[in-house]
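Undergrad: Got a structure for you, written out below as structure tokens; questions coming shortly.
The values are calculated or read from the model by the stated rules, or taken from the named source; none is laboratory data. No experiment lies behind these values; they were computed from the predicted model shown. Every residue, glycine among them, receives a Cβ derived from its backbone with ideal geometry; neighbour counts consider all protein chains shown.
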Amino acid sequence: MNSVNKSTEIHPDERRIILKYADNADFDISIDCYKKHGGYEVMKKAYASSTPEQLCQEVMDSEIRGRGGAGFPAGMKWKFLDRKSGKPIYLICNADESEPGTFKDRQIIHKDPHQLIEGMMITAFAINAAQAFIYIREEMPLGAQILNEAIEEARKENLVGDNIQGSGFSCDLIVHRGAAAYICGEETGLIESIEGKRAYPRIKPPYFPAALGLYMCPTIVNNVETLCNVKHIVEMGGKEYASIGTPGNTGTRIWCLSGHVRNPGYYELENGKFTYGDLIYKFGGGLREGRALQALIPGGSSAKVWRAGERFAGKLRGGESFDWGIEDVPLDFDGPMAAGSMSGSGAVIVVDDSVDIVEVLANINAFYAHESCGQCTPCREGSLWMKKITTRMANGGAREEDADLLASIGEQIAGRTVCAHGEACAWPTQSFVAKFRDKFIDKAKEDPEKAKSREFRLI
Amino acid sequence: MSEENQPVTVFIDGEQAEVPAGSNLVDALESVGKEIPHYCYHPKLSVSGNCRMCLVEMGTPGRDRATGEPILDDDGNPKIMWVPKPVIGCATSVSPGMHIRTESEQVKSCREGVMEFLLVNHPLDCPICDQAGECRLQEFATDYGRGYSRFIEQKNVKPKRTRLGPRVTLDDERCILCSRCIRFCEEIADDPVLGFIDRGSYSTLTTFPGSELANNYSLNTVDICPVGALTSTDFRFKMRVWFLKETLSIDTESSVGCNTIVSSREGRIYRITPRRNDLVNDCWMPDSGRALYKEVDSDDRLIQYAIEGRPAKADEAISVAAGKLLEEGGVAIVASGRLSVEEQYLIQLVRGQISGIVPTYLVARHAEGDGKLLSADRNPNVRGALLTGLVDSIPESELTELNSLISEGSIKTVLAVGEDITEAGIPVDLLKKINLVYMGTHHTECSQYAAVELPLLTVFEKSGTFVNQQFRVQKFSQAIPGPGPVLQGFANLTGLLEKLDPSFSMEPTPAAVWEDMAGKVPEFAGMDFDGVPSTGIVLKDERFAGLSFVETAGMNFEPKNALAEA
């Protein structure tokens, strides 16, 4: 049944915690194999000898930041949970991994599903969840199948379900499949989708999931990688976990490297110990022969782009000053943020000089226009308008004024929408135009016939 | 006043203002005469927050996290912590000391942005759009838009004439996807048939497969549509709205008395729409009540005075009618719960001029209440007849007693005003035994047998009052002139009274009737017609506490008497 390709070479500088066994040739997805590697022991111990408060404190102490995109401290998120409402509490694993460039959660689900289940059941116990869900995107049918079978195995061994391991705590876990919409990765859109509605993100305030989530009950939504980390936090203790990585950027992260590099793939690295340059050149094997770096998207296609050669200077939160080229930016949460972008979902997209940067943006804009849910005006109309403009530009109809127009449309979207899709669709346009303004303006001078000779069609 | 009703002090563009506690910014600012433009927000529907037109800047007085003490600025005033992003006014509640900016550069930019976005794929077909003239897109584009377009791409194409149901036609290209109609169907009409399909800018409003927008409240979606997307199939392409004269009126379908606006031009009515009254019908009315204007020009409209079927002059017909009422042999009156308070009062005066006991009836129209804006009593004004003393009990739908009285020969003359008595249990063979004086707006089966026919004005052609199920007296005004030959106002009845009592003299206007009535009907003491406000006045109803009214619970109404509850 395991038709998933294993990565054969693991770079010695990786620090694999989440993916510790995933690529071992003798590691499979069965519960027996997982247990042979110590599986479910952490959970059993936690159920037997820890209180939910202790577990929450461990997660708080670990300072772990959410791996889904926003990097919000998970312990803080749990702390906001309304435990006094008298309503059931729900736990949702966000496995709607849809940000272009991101493929880490899929590796976990395909290769080590029980680790996620264990992490979730510990979390469920810690937050006293009445029911847990894994919301998995439609495009991962194999993942859904693997998870369903793994949950069934766990249920048979009383690791999921009623009175788990005689603890008196009951919580079932079900897989809910999406229907192929990026917006279902937005946590309130995801909640609406589970409720059987269109995935229109909710307005916040008042609908913060920690108080008014699924079925208007307190709900925690965490990313796959975050929930897996919970197992390791509980295993080694929050403070010990916090010693991995750097302060404020604890633990490891699985970086998804794609684009114009020799060795695209996923690399689990200790936070803050490497740079974007390391990822591209040391782990990724560098660019192709004769090619130069043109741009780098540091955290999924919605993150603001960096132009090769640009430098970032300023002061970090701690007060120390920095002066980085894009290769020097620390590979963690705070580094890219200090450099005006974000680490997002950990998807690093390398763009070399073989491509037209306007076409890159046209491609990104097509995605975000297609994925705008259509609920609120600025994102709905702005994303499609930007797409129409960049497509026209790429197809030989560029005008010099398009650069300013695009920037202005982006400004009219970001910060004014119901959810972060506004930023997701505006940031690429705003940053591409700001950093490659010359190329966007020069596009107007290009021979319109050139677009016709392109091998693929932009629509 | 309880604490929660205490007004809250806020600062709007730096100006101090008192606004209702708990209100959102849109409503709060409206209460002090300031507009926050909005599309999706509707005061009677849940907050959706999707149009983003009501974005404003908001800040609250800062408090020290550790001590909870207010943070003060250099001048000793509370330091305002401005929310970095603009907030939607519809989903933001006022709080004490809140500061709101509605005129800043950022707010201006937000509004310009939303207006531009709403228009990029809008067809701009205002010249043929029914909404033109009462369109929020037009209004806000003028008030808050940039005034020029930067869009040179192809616009999206969507269906232009989708039939959503028997009375509503959708132009999808004009739709701004505000979801008011969807929320209305879910939350008010209890008939969730509308939804969006497709995604992003290609989102399209439609009905769920196999269902249609056919409920009796469907046309309210047209009213609340802020643009020209949902159109009334009846009104579509009939008249430019800026030519329409608007007259305040009342829906006569039931004792709810929905407040309405009758829109007319040059003596012709084009549409009836609801008028907001939070104490009666909120912002809604049934579809059925909107079609009632069609009775004005219907083929069976009675416009000719007649004696024994022969056309006659008004004065002559009224004289003959008076003569019939004064004939020996017993007179009965069948009046209507559809008549105005004034007419019911005048009929009661007519009865006073007839010797002997005059049995008086109304014809009941009972049906099941819909729990919303159609009550179980489908007469708009039974309570008016009770108040004026015309009748003293809840009417019945069959005139059984009158049937017996005619059959046994104790009634020789019947004055029927506004009712077809054959429908109410007086068969044709009995009609032949009596003198029938018929006053009505339309030809009916009984009117063929009338000794005298006097045409009446419809509710649209006169002014007056009704008293609804809440004992709320509500005013309606004349929207259009009556048909040529028909006497204006209440002149048929005042004319009849003059013939019966030569000393009687009264202008046939509601004001004159009210002057008389105020001294006679205790509940009307001290009132006059002009003083009845457009939202109505609730009257005392103690005199009728013993009666078992038929209405059940509905919007803004709970029945008082035990029978209805059971």
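Undergrad: Just checking, which of B:Thr221, B:Thr273, B:Thr247 is among the β-branched types (Val, Ile, Thr) and within 18 Å of B:Pro481 (Cα to Cα)?
TA: Details: B:Thr221 fails: within 18 Å of B:Pro481 (Cα to Cα); B:Thr273 fails: within 18 Å of B:Pro481 (Cα to Cα).
B:Thr247 is the lone residue from the list that is among the β-branched types (Val, Ile, Thr) and within 18 Å of B:Pro481 (Cα to Cα).
Undergrad: Scan the stretch A:371-388 residue by residue and report those that are without any contact (Cβ under 8 Å) to a residue 24 or more places away in the chain and in contact with a Ser or Thr (Cβ under 9 Å, 6 or more places away or on another chain). Even if it seems obvious, please write down each step before you answer.
TA: From the stretch A:371-388, those without any contact (Cβ under 8 Å) to a residue 24 or more places away in the chain are A:374, A:377, A:380-381, A:384, A:388; that's our starting set.
Residues satisfying the conditions are A:Gly374, A:Thr377, A:Arg380, A:Glu381, A:Leu384.
Undergrad: Among the residues of the stretch B:471-484, write down those that are in contact with a Phe, Trp or Tyr (Cβ under 6 Å, 6 or more places away or on another chain) and not in a strand (DSSP E or B). So that I can check it myself, show each step before the final result.
TA: The initial filter retains those residues of the stretch B:471-484 that are in contact with a Phe, Trp or Tyr (Cβ under 6 Å, 6 or more places away or on another chain), namely B:474, B:479-480.
Across the stretch B:471-484, the qualifying residues are B:Ala479, B:Ile480.
Undergrad: Answer yes or no as to whether B:Val83 is within 14 Å of chain A (Cβ to nearest Cβ) and buried (at least 18 other Cβ atoms within 10 Å of the Cβ).
TA: Values: within 14 Å of chain A (Cβ to nearest Cβ): yes; buried (at least 18 other Cβ atoms within 10 Å of the Cβ): no.
When the stated conditions are applied, B:Val83 does not pass them.
Undergrad: From the list A:Ala434, A:Ala426, exactly one residue is over 15 Å from A:Glu381 (Cα atoms) and either assigned to a helix (DSSP H, G or I) or under 30 Å from the mean Cα position of the chain (by Cα) (or both). Which is it?
TA: A:Ala434
Undergrad: Select from the stretch A:413-425 the residues that are within 11 Å of chain B (Cβ to nearest Cβ) and surrounded by 24 or more Cβ atoms within 10 Å (Cβ to Cβ) and list them in ascending order.
TA: Scanning the stretch A:413-425 gives A:Ile413, A:Arg416, A:Thr417, A:Val418, A:His421, A:Gly422, A:Cys425.
Undergrad: So, one more: Which of (1) in a helix (DSSP H, G or I); (2) closer than 30 Å to A:Lys197 by Cβ does A:Thr417 not meet, given it meets every other one?
TA: For A:Thr417, the failing item is (1).
Undergrad: Then there is this: Just the residues that are among the hydroxyl-bearing types (Ser, Thr, Tyr) and touching a Phe, Trp or Tyr at 6+ places or on another chain (Cβ under 9 Å), please, taken from the stretch A:8-22.
TA: Initial filter on the stretch A:8-22 (among the hydroxyl-bearing types (Ser, Thr, Tyr)): A:8, A:21.
A:Tyr21 - this is the single residue of the stretch A:8-22 that is among the hydroxyl-bearing types (Ser, Thr, Tyr) and touching a Phe, Trp or Tyr at 6+ places or on another chain (Cβ under 9 Å).
Undergrad: Which condition breaks for B:Val437 when tested against (1) in contact with a Leu (Cβ under 6 Å, 6 or more places away or on another chain); (2) closer than 23 Å to B:Ser255 by Cβ; (3) surrounded by 17 or more Cβ atoms within 10 Å (Cβ to Cβ)?
TA: Just one mismatch for B:Val437, condition (2).
Undergrad: May I pose another question? Please go through the stretch A:128-149 and give me each residue that is hydrophobic (A, V, I, L, M, F, W, C) and over 23 Å from the mean Cα position of the chain (by Cα), ordered by number.
TA: Here is the first cut: in the stretch A:128-149, the residues hydrophobic (A, V, I, L, M, F, W, C) are A:129-130, A:132-134, A:136, A:140, A:142, A:144, A:146-147.
Answer for the stretch A:128-149, where residues must be hydrophobic (A, V, I, L, M, F, W, C) and over 23 Å from the mean Cα position of the chain (by Cα): A:Ala129, A:Ala130.
Undergrad: I'm checking my understanding of the structure. Among residues of the stretch B:116-138 that are over 18 Å from B:Val222 (Cβ atoms) and surrounded by fewer than 16 Cβ atoms within 10 Å (Cβ to Cβ), which one is farthest from the other protein chains (Cβ to nearest Cβ)?
TA: Among those that are over 18 Å from B:Val222 (Cβ atoms) and surrounded by fewer than 16 Cβ atoms within 10 Å (Cβ to Cβ), it is B:Pro127.
Undergrad: Take the residues in the stretch A:368-392 that are of a type in the set (D, E, K, R) and more than 7 Å from chain B (Cβ to nearest Cβ), then tell me which one is surrounded by the fewest Cβ atoms within 10 Å (Cβ to Cβ). Talk me through it step by step, then tell me what you get.
TA: From the stretch A:368-392, those of a type in the set (D, E, K, R) are A:371, A:380-381, A:387-388, A:392; that's our starting set.
Retained after the next criterion (residues that are more than 7 Å from chain B (Cβ to nearest Cβ)): A:371, A:387.
On the way: A:Glu371: 22, A:Lys387: 28.
So the residue we want is A:Glu371.
Undergrad: Pick out the one residue from B:Thr204, B:Thr162 that is within 10 Å of chain A (Cβ to nearest Cβ) and either small (Gly, Ala, Ser) or in contact (Cβ under 8 Å) with a residue 40 or more places away in the chain (or both). Before you say what the answer is, go through the steps one by one.
TA: On the way: B:Thr162 fails: within 10 Å of chain A (Cβ to nearest Cβ).
Of the residues listed, the single one that is within 10 Å of chain A (Cβ to nearest Cβ) and either small (Gly, Ala, Ser) or in contact (Cβ under 8 Å) with a residue 40 or more places away in the chain (or both) is B:Thr204.
Undergrad: Output the number of residues of the stretch B:18-69 satisfying the condition of being more than 29 Å from A:Gln375 (Cα to Cα) and either more than 28 Å from the chain's Cα centre (by Cα) or within 12 Å of another protein chain (Cβ to nearest Cβ) (or both).
TA: Taking the stretch B:18-69 and keeping what is more than 29 Å from A:Gln375 (Cα to Cα), we get B:18-21, B:32-33, B:61-69.
Checking which are either more than 28 Å from the chain's Cα centre (by Cα) or within 12 Å of another protein chain (Cβ to nearest Cβ) (or both) leaves us with B:18-19, B:21, B:61-69.
The qualifying residues number 12.
Undergrad: Take A:Asn395 and tell me if it is within 14 Å of chain B (Cβ to nearest Cβ) and buried (at least 24 other Cβ atoms within 10 Å of the Cβ). I'd like the intermediate steps shown before the answer.
TA: Values: within 14 Å of chain B (Cβ to nearest Cβ): yes; buried (at least 24 other Cβ atoms within 10 Å of the Cβ): no.
Judged against the criteria, A:Asn395 is not a match.
Undergrad: Scan the stretch B:106-115 and give yes if some residue there is closer than 30 Å to B:Gln6 by Cβ, in contact with a strand residue (DSSP E or B) (Cβ under 9 Å, 6 or more places away or on another chain) and within 14 Å of chain A (Cβ to nearest Cβ), otherwise no.
TA: Yes, because at least one residue in the stretch B:106-115 is closer than 30 Å to B:Gln6 by Cβ, in contact with a strand residue (DSSP E or B) (Cβ under 9 Å, 6 or more places away or on another chain) and within 14 Å of chain A (Cβ to nearest Cβ).
Undergrad: Considering only the stretch B:374-450, give the helices (runs of 4 or more DSSP H) lying wholly within it that have at least 1 residues that are closer than 30 Å to B:Gly519 by Cα, touching a residue at least 12 places away in the same chain (Cβ under 8 Å) and touching a helix residue (DSSP H, G or I) at 6+ places or on another chain (Cβ under 6 Å). Before the answer, list the steps.
TA: Values: elements: B:382-387, B:400-407, B:428-431.
Qualifying helices (runs of 4 or more DSSP H): B:382-387.
Undergrad: Within the set of pairs 6 or more residues apart or between chains, which connect a residue that is assigned to a helix (DSSP H, G or I) inside the stretch A:57-83 to a residue that is surrounded by fewer than 17 Cβ atoms within 10 Å (Cβ to Cβ) with Cβ atoms less than 6 Å apart?
TA: A:Asp61/A:Lys239
Undergrad: If you take the residues in the stretch B:175-201 that are farther than 19 Å from B:Arg161 by Cα and away from every other protein chain (no Cβ under 14 Å), which one is surrounded by the most Cβ atoms within 10 Å (Cβ to Cβ)?
TA: So, considering only residues that are farther than 19 Å from B:Arg161 by Cα and away from every other protein chain (no Cβ under 14 Å), the one surrounded by the most Cβ atoms within 10 Å (Cβ to Cβ) is B:Phe184.
Undergrad: Conditions first: (1) under 28 Å from B:Ser93 (Cβ atoms); (2) surrounded by 19 or more Cβ atoms within 10 Å (Cβ to Cβ); (3) modelled with pLDDT under 95. A:Thr188 passes all but one, so which condition is the exception?
TA: (3)
Undergrad: Let me ask another. Considering only residues that are farther than 25 Å from A:Glu381 by Cα and exposed (fewer than 13 other Cβ atoms within 10 Å of the Cβ), which ones fall in the stretch B:33-71? Quick ask: steps written out before the conclusion?
TA: So in the stretch B:33-71, the residues farther than 25 Å from A:Glu381 by Cα come out as B:33-34, B:43-44, B:58-71.
If the condition is that a residue be farther than 25 Å from A:Glu381 by Cα and exposed (fewer than 13 other Cβ atoms within 10 Å of the Cβ), then B:Gly33, B:Asp64, B:Arg65, B:Ala66, B:Thr67, B:Gly68, B:Glu69 are the ones that fit.
Undergrad: If you don't mind, another one. Restricting to the stretch A:154-185, name every residue that is within 14 Å of chain B (Cβ to nearest Cβ) and in contact with a helix residue (DSSP H, G or I) (Cβ under 8 Å, 6 or more places away or on another chain). Please lay out each step first, then the result.
TA: Our first condition is that a residue be within 14 Å of chain B (Cβ to nearest Cβ); within the stretch A:154-185, this holds for A:178-184.
The answer is A:Gly178, A:Ala179, A:Ala181, A:Tyr182, A:Ile183, A:Cys184.
Undergrad: Also: Exactly one condition in (1) away from chain B (no Cβ under 14 Å); (2) assigned to a helix (DSSP H, G or I); (3) over 16 Å from A:Ile357 (Cβ atoms) is not met by A:Arg457; state its number.
TA: (2)
Undergrad: Kindly provide the set of residues from the stretch B:287-329 that are assigned to a helix (DSSP H, G or I), within 14 Å of B:Leu457 (Cα to Cα) and of a type in the set (Lys, Arg), ordered by number.
TA: Narrowing the stretch B:287-329 to residues assigned to a helix (DSSP H, G or I): B:287-290, B:292-295, B:314-326.
Pick out the ones that are also within 14 Å of B:Leu457 (Cα to Cα) and you get B:292-295, B:314.
The one that is assigned to a helix (DSSP H, G or I), within 14 Å of B:Leu457 (Cα to Cα) and of a type in the set (Lys, Arg): B:Lys294.
Undergrad: Filtering the stretch A:319-341 down to residues that are surrounded by fewer than 24 Cβ atoms within 10 Å (Cβ to Cβ) and among the aromatic types (Phe, Trp, Tyr), which residue is farthest from the chain's Cα centre (by Cα)?
TA: Checking each candidate, the answer is A:Phe322.
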